[in-house]
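*Asks:* Pasting in a structure now, in structure tokens, and then I'll have a few things to ask.
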Amino acid sequence: MNISNTPNTSSTITGFILLGFPCSREGQILLFVLFSVAYLLTLMGNGSIICAVRWDQRLHTPMYILLANFSFLETWYVTSTVPNMLANFLSDTKVISFSGCFLQFYFFFSLGSTECFFLAIMAFDRYLAICQPLHYPTIMTGRLCTNLVVSCWVFGFLWFLIPIIIISQMSFCGSRIIDHFLCDPGPLLTLTCKKVPVVETIFSTLSPLPLVIPFLFIMGSYALVLRAVLKVPSAAGKRKAFSTCGSHLAVVSLFYGSVLVMYGSPTSEHEAGTQKIVTLFYSVVTPLLNPVIYSLRNKDMKNALQKFLEI
């Protein structure tokens, strides 16, 4: 990683400044308390789902194994940003080191990509359960489920490896202020001493693919599910089929709705405040709501959570 000075800088840059949410000291403390509570509730909610699936034998099925892995992912996804954000609320300098910034960048986007892949294979699981119910046990075996889970983690963490290595080797000079609460690639690239169109092209090409490809796969899966459900003669059968997919669809809508608002149009069209709010929604609010959505809409999960909490 190269750090250079220009005539406009008087000292070598030793890190970045994350502005976060500028406000009074009292406001910073209030935000610290609110986000601390949200973070703890997120860890408790997703941790409860993991424990319920682990200890309830009836939930040892591909659907709930995928859900437990997804909850495990969510705990790390929110952890990649919130602890540093909480520290910044109480910090006067709000400085993050270069290594800390790029590590956050890598883990945040890698975990986000992994989440997209998980949502896709969870949609595939629901497609098999509804459209191929007789063949579901022979297709969605424990081995296939494990391979899908491992593939999600591997592809998610390999996807941004090359871009992050390239960007981390670039020279940064001038202002070191990032008007965000995390190390976002857009502000980082604006701080480089020399614009490298090739790097920006590579990043702008690779970044949308983990979003777009799983999203198209999810939409295709649910189009087939919808066609199959519409062929079910009884209203009760249709309700049961839709209830099977309801939780997953709600999570997909929350996550992709906010992400597409953020990345569906050029970043330059969004003001810094809008970027922060939208990013906050899919990086903090969605992981907080996911356990609630899955537990409220699923009787087996509610029963398992009640038994786990009574222990």
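The values are calculated or read from the model by the stated rules, or taken from the named source; none is laboratory data. These numbers were taken from a predicted model, which means no experiment stands behind them. Ideal geometry is used to build each Cβ from the backbone, glycine not excepted, and the neighbour counts take in all protein chains shown. Just so you know, the surface numbers come from the protein's heavy atoms only, side chains and all, with ligands and any DNA or RNA stripped out. Shrake-Rupley method; radii C 1.70, N 1.55, O 1.52, S 1.80 Å.
*Asks:* Go through the residues of the stretch 173-183 one by one and say whether even a single one is farther than 23 Å from E74 by Cα, free of Cβ contacts under 8 Å to residues at least 60 places away in the same chain and among the acidic types (D, E).
*Replies:* Here is the first cut: in the stretch 173-183, the residues farther than 23 Å from E74 by Cα are 173-179.
Still in the running and free of Cβ contacts under 8 Å to residues at least 60 places away in the same chain: 175.
With the extra rule that they be among the acidic types (D, E), the set shrinks to none.
Looking through the stretch 173-183, none of the residues is farther than 23 Å from E74 by Cα, free of Cβ contacts under 8 Å to residues at least 60 places away in the same chain and among the acidic types (D, E).
*Asks:* Which condition number in (1) farther than 19 Å from M85 by Cα; (2) touching a Leu at 6+ places or on another chain (Cβ under 9 Å) is the one that F21 fails?
*Replies:* Going through the list (1) farther than 19 Å from M85 by Cα; (2) touching a Leu at 6+ places or on another chain (Cβ under 9 Å), F21 breaks only (1).
*Asks:* Collect the residues in the stretch 126-155 that are without any contact (Cβ under 8 Å) to a residue 60 or more places away in the chain and basic (K, R), keeping them in residue-number order.
*Replies:* R143
*Asks:* Hey, another quick one. Can you tell me which of (1) touching a Phe, Trp or Tyr at 6+ places or on another chain (Cβ under 7 Å); (2) touching a residue at least 40 places away in the same chain (Cβ under 8 Å) is the one L41 doesn't meet?
*Replies:* Among (1) touching a Phe, Trp or Tyr at 6+ places or on another chain (Cβ under 7 Å); (2) touching a residue at least 40 places away in the same chain (Cβ under 8 Å), the lone unmet condition for L41 is (1).
*Asks:* Moving on. When the residues of the stretch 133-184 are filtered to those that are among the charged types (D, E, K, R) and open to solvent by 60 Å² or more (accessible area, probe 1.4 Å), which remaining residue is farthest from L66 (Cα to Cα)?
*Replies:* Within the stretch 133-184, the first condition is being among the charged types (D, E, K, R), and the residues that meet it are 143, 176, 179, 184.
Imposing the further condition that a residue be open to solvent by 60 Å² or more (accessible area, probe 1.4 Å) reduces the set to 143, 176, 179.
Details: R143: 13, R176: 41, D179: 36 Å.
Here the residue is R176.
*Asks:* Next up: At negative phi and assigned to a loop (DSSP other than H, G, I, E, B): does that describe P133? Steps first, answer last, please.
*Replies:* Numbers: at negative phi: yes; assigned to a loop (DSSP other than H, G, I, E, B): yes.
Yes: the conditions hold for P133.
*Asks:* Over 16 Å from the mean Cα position of the chain (by Cα) and not hydroxyl-bearing (S, T, Y): which single residue out of F117, F107, F155, F124 fits that description?
*Replies:* Details: F117 fails: over 16 Å from the mean Cα position of the chain (by Cα); F107 fails: over 16 Å from the mean Cα position of the chain (by Cα); F155 fails: over 16 Å from the mean Cα position of the chain (by Cα).
Just one listed residue meets the conditions, F124.
*Asks:* Restricting to the stretch 105-126, what's the tally of residues that are over 21 Å from S71 (Cβ atoms) and either open to solvent by 40 Å² or more (accessible area, probe 1.4 Å) or out of contact with any Pro (no Cβ under 8 Å at 6 or more places or on another chain) (or both)? Before you say what the answer is, go through the steps one by one.
*Replies:* Filtering the stretch 105-126 for residues over 21 Å from S71 (Cβ atoms) gives 105-106.
With either open to solvent by 40 Å² or more (accessible area, probe 1.4 Å) or out of contact with any Pro (no Cβ under 8 Å at 6 or more places or on another chain) (or both) added as a condition, the list becomes 106.
Summing the residues that are over 21 Å from S71 (Cβ atoms) and either open to solvent by 40 Å² or more (accessible area, probe 1.4 Å) or out of contact with any Pro (no Cβ under 8 Å at 6 or more places or on another chain) (or both) in the stretch 105-126 gives 1.
*Asks:* Then there is this: Given the conditions (1) open to solvent by less than 40 Å² (accessible area, probe 1.4 Å); (2) part of a helix (DSSP H, G or I), report the number of the one that I96 does not fulfil.
*Replies:* I96 satisfies every listed condition except (2).
*Asks:* Quick one: would you say Y136 is among the hydroxyl-bearing types (S, T, Y) and within 25 Å of V225 (Cβ to Cβ)?
*Replies:* Working: among the hydroxyl-bearing types (S, T, Y): yes; within 25 Å of V225 (Cβ to Cβ): yes.
So Y136 passes the test.
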